[in-house]
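Data first, discussion second: the structure below is written as structure tokens.
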4 protein chains.
Amino acid sequence: MAEEDESNKRHRHGLDRTLALSDGVFAFAVTLLVLDLFVPTLSPGASSTDLWQALSKEYISFLNYIFSFLIAGVWWNGHHRGFERVRNSNSTLRWLNLLFLLWIALLPFFTKLLDQYSTLQLGVVLYAVDQAAAGLSLTLIWLYASSKHRLIVKNLDKRTIGFAAVRSAIAPIVFLVSIGLSFIDPNFAIYSW
Amino acid sequence: MAEEDESNKRHRHGLDRTLALSDGVFAFAVTLLVLDLFVPTLSPGASSTDLWQALSKEYISFLNYIFSFLIAGVWWNGHHRGFERVRNSNSTLRWLNLLFLLWIALLPFFTKLLDQYSTLQLGVVLYAVDQAAAGLSLTLIWLYASSKHRLIVKNLDKRTIGFAAVRSAIAPIVFLVSIGLSFIDPNFAIYSW
Amino acid sequence: MAEEDESNKRHRHGLDRTLALSDGVFAFAVTLLVLDLFVPTLSPGASSTDLWQALSKEYISFLNYIFSFLIAGVWWNGHHRGFERVRNSNSTLRWLNLLFLLWIALLPFFTKLLDQYSTLQLGVVLYAVDQAAAGLSLTLIWLYASSKHRLIVKNLDKRTIGFAAVRSAIAPIVFLVSIGLSFIDPNFAIYSW
Amino acid sequence: MAEEDESNKRHRHGLDRTLALSDGVFAFAVTLLVLDLFVPTLSPGASSTDLWQALSKEYISFLNYIFSFLIAGVWWNGHHRGFERVRNSNSTLRWLNLLFLLWIALLPFFTKLLDQYSTLQLGVVLYAVDQAAAGLSLTLIWLYASSKHRLIVKNLDKRTIGFAAVRSAIAPIVFLVSIGLSFIDPNFAIYSW
């Protein structure tokens, strides 16, 4: 019994660190996004109106920041929802999670790219690829975890497991479809998100 | 019983991650503030006096840094006080918390803006807007959490709940009033904080 | 009984977050230090020898980095040692801890300053002031916590408490003395650390 | 009994913070890596093809980013595997862990160096030195922890302990060997990883 406790503690411990690393990457990525917002440099004696005009040129960057923050929030919630039903971790699950974090850590880069080249198809496509990759990693995490009885919480019926898998696949599919749409017009892709 | 334990664990787990993400964003935002302090570049052979003069031109930046650190400390304490009485989380609460963190993550940006344009009304107003938005999000979090019996700790009477709501609303109201004051003089607004 | 558990959980919870915020600031500050190490820009066709020469000009920056990492490690260990004996937190303790973190978050700034102006007395003095302030905050934390029976672990005798207070005061005193030494020669101060 | 609980709690608490600091440094270091990816600046009216060409010049940086992310993942997993069997911490173990984190925090710097000077032997050697130092610190952590009965989980037999030590020594040995290989050709060293 005591031995089992020790073992349980170690497993829980493993999951705790996986989540701590993930939360750290998320916290860092969303705060890094803010570094793309630049304080405009005005000549001395500039008025509030001048500042407003300088800032309003940046309003797309600002909307982009909020949009990317919300997107990161969606992934964090998705990650949260998935791992709520996971109770143990193993090496494979940790690597799948690192794969997911790889795409999350790239968010600030692709956001900057989209910010500067939102009228070009390529900027839009690369952003969508990053999002789709993040989403597919999350689906993979769930498919793997739910295939191992030992990794998820007890008493989950097959229907709940299947529903969660489908749900986690929606976001990547939307982003993959948006890549198709971007061939017609980059803006179509952006609106589809 | 075991099932309930499992469920409790999952809920607690959800709250843990919400707090971990929040603490991460705070830790990051306050340390990012320091990036606005620049080490002056002096010509070789400069003396301590030269360095002192160069640094003293930056003393407002330094005061600004300490002020913003303290402001962030006030929000962290407010967030802490609120969540001390929360015991579970759900999707809505997590999103309200993300909304709060959005404004916290923007702190380094608005601090830099205030730092450069503290004599302009707009710099002061935008800083106050960010602070008021952070405060209102915190009030929203408490109003939502306290409206759901399941989310807060047991044995809280209505008076305590109402007092906490009023208390969390004071800061945003001060900042909203300061926006009004800034129409008279930006400095009035700054002193009111 | 259940009520007491609930209350205990809340208190522990408060301490957990204080420590999480502190660990976050430490993790961030030590990693930020690395941003001061610059990869030299060489002309195409440069050899390993050229790179070595370019890097060796930076070796003081590198030693500085390691030194500041170790200093941060000393503070983290001191913070760790102090809080090992703290079991609850309250608003005052959280603010004293934020005061400590303020000086830790400033470490990357003062390290950069020392790096560039280590031959000037002022660079050395300001670095020592930051260190002494961090140390004094830590002493304050312990003096406050140990004065409240409710905040520290049970079964600590007065001698242990006093010894811990003296121990935590050593580092700030060394740094304060080094400020005096710097009036003779900045290098004396650096060696005294 | 209650006293022992208190003592256990303090120890666990110590380990928790060591892991929290480590996870924070890892989360930060992998996200900092992304700052080396630059969004190319194109003239207005540039097409997707221009952007693609500009980005494809950076593809080595991108591969480098993914490679370093994976390397950091390998260390995180190694750190995780080692600490899964550690149940307490003491001052020496914390310092060994800080030594390990020192090399992890340097990863973004050496990655940038390798990125810019991958054709030079020195860039490759320094990267390998950082990796080997990280690996040796991890081996040291395990050798120290497993030598103290009090620090590791119960019921570990000598064979498991020895196997874990050998396993943790493989990575640093590979990197040390690669330093030798780099004297023949820097690319040999890179492929050996």
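Put a label point 7 Å from Cα along the Cβ direction on C:V153, then list its distances to the equivalent points in the other copies in nm, shortest first.
Label-point separations across copies, in nm and ascending: 2.3, 2.3, 3.3.
From the residues D:A165, D:A105, D:S47, which one has its Cα farthest along the dipole of the range D:2-192 in the positive direction, the dipole being from +1 and -1 charges on Cβ of Lys/Arg and Asp/Glu about the Cα centre?
My answer, from the dipole projection, is D:A165.
Please find, in a Gaussian network model of chain B (springs between Cα atoms separated by less than 10 Å), the residue of B:G135, B:G24, B:G73 whose mean-square fluctuation is greatest.
B:G24
What residue among A:F67, A:V153, A:A20 has its Cα farthest toward the positive end of the dipole of chain A, where the charges are +1 on Lys, Arg and -1 on Asp, Glu, each on the Cβ?
Working it through, the farthest residue towards the positive pole turns out to be A:V153.
Place +1 on the Cβ of every Lys and Arg and -1 on the Cβ of every Asp and Glu in chain C, take the dipole about the Cα centre, and give the residue among C:N90, C:G78, C:L114 whose Cα lies farthest towards its positive end.
Value: C:N90.
Please check: in the Gaussian network model of chain D (C-alpha springs, under 10 Å), which one of D:L181, D:L51, D:L156 has the largest mean-square fluctuation.
Judging by the Gaussian network model, the answer is D:L51.
Checking a compactness column here: for chain B, what do you get for Rg(Cα) / (2.2 N^0.38 Å), N being the number of residues?
Its radius of gyration relative to the 2.2 N^0.38 Å reference: 1.26.
Could you give each residue of the range C:116-127 its phi-based ³J(HN,Hα) in whole Hz, using Karplus coefficients 6.51, -1.76, 1.60 with θ = phi - 60°, and x for Gly or Pro?
7, 10, 6, 8, 8, 4, 5, x, 5, 4, 5, 4
Over the Cα atoms of the range B:115-193, Rg to Rh with Kirkwood Rh, two decimal places?
1.16
Summing +1 for each Lys or Arg and -1 for each Asp or Glu, what net charge is found among the other residues whose Cβ lies under 14 Å from the Cβ of B:V39?
So the surrounding residues net to -4.
Would you grab the residues whose amide H sits under 5 Å from the one on B:V86? Only those 5+ places off in sequence or on another chain, please, with H modelled 1.01 Å from N.
For B:V86, whose amide H was placed from the backbone, the distant partners under 5 Å are B:V153.
Through the Karplus equation 6.51 cos²θ - 1.76 cosθ + 1.60, θ set to phi - 60°, convert the phi angles of the range B:27-43 into ³J(HN,Hα) values in whole Hz; use x for Gly and Pro.
Along the range B:27-43, the couplings run 4, 6, 5, 5, 7, 5, 3, 5, 5, 7, 8, 9, 7, x, 9, 10, 6 Hz.
Taking the Cβ of D:E58 as the center, what net charge do the other residues with Cβ under 14 Å away carry, scoring Lys and Arg +1 and Asp and Glu -1?
0
Wrap a convex hull around the Cα atoms of the range B:95-161, take a quarter of its surface area, and give that in square nanometres.
5.6 nm²
Given points 7 Å out from each Cα along the Cα-Cβ axis, report the D:L70 to A:N90 separation in nanometres with one decimal.
Label at D:L70, label at A:N90, 2.2 nm between them.
Suppose every K and R has +1 on its Cβ and every D and E has -1 on its Cβ; what is the size of the dipole of the protein assembly as shown about the Cα centre, in Debye to the nearest 20?
2740 debye
Taking the Cα centre as origin and putting +1 on Lys and Arg beta-carbons and -1 on Asp and Glu beta-carbons, what dipole magnitude results for the range B:2-192, to the nearest 20 debye?
800 debye
Would you look at the GNM of chain D, springs on alpha carbons closer than 10 Å, and say which of D:A165, D:A54, D:A72 moves the most?
For chain D, modelled as a Gaussian network with Cα springs under 10 Å, the answer is D:A54.
In whole Hz, with x marking every Gly and Pro, tabulate ³J(HN,Hα) for the range C:110-115 from phi via Karplus 6.51 cos²θ - 1.76 cosθ + 1.60, θ = phi - 60°.
3J(HN,Hα) across the range C:110-115, in whole Hz: 6, 5, 4, 5, 5, 4.
In nm to one decimal, list the spacings between the D:T119 label point and its equivalents in the other copies, with label points set 7 Å along Cα to Cβ, shortest first.
3.7, 3.7, 5.2
Is the protein assembly as shown best put as rounded, prolate or oblate by its Cα gyration tensor, with a ≥ b ≥ c the root eigenvalues, rounded for a/c under 1.5, and otherwise prolate when a/b is larger than b/c, oblate when not?
Rounded shape, in that the Cα axes give a/c under 1.5.
Distances in nm, one decimal, shortest first, from C:V177 to the same residue in every other copy, taking the label point 7 angstrom along Cα→Cβ.
Distances to the matching label points in the other copies: 5.1, 5.1, 7.3 nm.
A 18 angstrom limit on the alpha carbon distance is what I want to check against. Which of A:K57/A:K112; A:K112/B:K112; C:K154/D:K154; A:K57/B:K57 exceed it?
Violating the 18 Å Cα-Cα cut-off are A:K112/B:K112; C:K154/D:K154; A:K57/B:K57.
Taking only DSSP H segments of four or more residues, each worth -39500 (n - 2.57), what value at 222 nm results for the protein assembly as shown once the sum is divided by all its residues, to the nearest 500 deg cm²/dmol?
-26500 deg cm²/dmol
Any idea what the dipole of the range A:77-174 comes to, in debye rounded to 20, about its Cα centre with Lys/Arg Cβ at +1 and Asp/Glu Cβ at -1?
600 debye
Return the distance in nm (one decimal) between the two label points of a simple spin-label model at B:K154 and C:L35, each offset 7 Å from Cα along Cα→Cβ.
4.8 nm
All of the numbers you see were taken from the coordinates with simple rules; none came from a lab. In this text, all values refer to a predicted model and were calculated from it rather than measured experimentally. Cβ atoms come from the backbone with ideal geometry, glycine included; neighbour counts cover every protein chain shown.
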